[in-house]
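Peer 1: Submitted below is the structure of interest, expressed as structure tokens.
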Amino acid sequence: MHDFRYPKIDIKRTGRLLKRECLRQNYSVKDIQNYLQIGAYQSIYAWFNGKSLPSLDNMFALSRLLGKSVEELIVCQDEVRYADRDRWIFGCPSRERVLAYCNFLFGEPA
């Protein structure tokens with residue numbers, strides 16, 4: 001039996017991820033505002049603080065600016081992420097799937 005759940009975006013964690021990635025690449029709010037041609041910089045602070053999300057057009061443009069896919073910039077509510085040096089490894093919400101992957105890597109427990 002499949003466990004299909006509608007994915008929900010975690011707005012706060014997505015905002016933190018966007019902020020962290022922009023800071024990591026030395027983009028200021030002003031840089032992003034100019035790149036996206038946004039009139040008010042408050043929108044960007046709202047994204048970073050998890051109050052709202054960028055429009056699809058702005059998220060796509062941000063992904064191009066940051067050299068990431070749109071999916072890499074979005075965090076689902078039940079998603080677990082592990083930092084692995086400079087890249088992200090995406091976890092999965094299903095405990096069974098994580099255990100199966102661990103078994104694949106390390107073999108069945110004795």
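Peer 1: Provide Asp57, Asp78 in ascending order of the number of other Cβ atoms located within 10 Å of each residue's Cβ, fewest first.
Peer 2: Asp57, Asp78
Peer 1: With label points built 7 Å along Cα→Cβ from the Cα atoms of Met59 and Lys8, find their separation and express it in nm.
Peer 2: 1.6
Any read-out appearing in this document is the output of simple, stated calculations on the displayed coordinates, not a laboratory observation. Note that the coordinates shown come from a computational prediction; the quantities given were computed from them, not determined experimentally. Methodologically, a virtual Cβ is constructed for each residue, glycine included, from the backbone with ideal geometry; neighbour enumeration extends over all protein chains shown.
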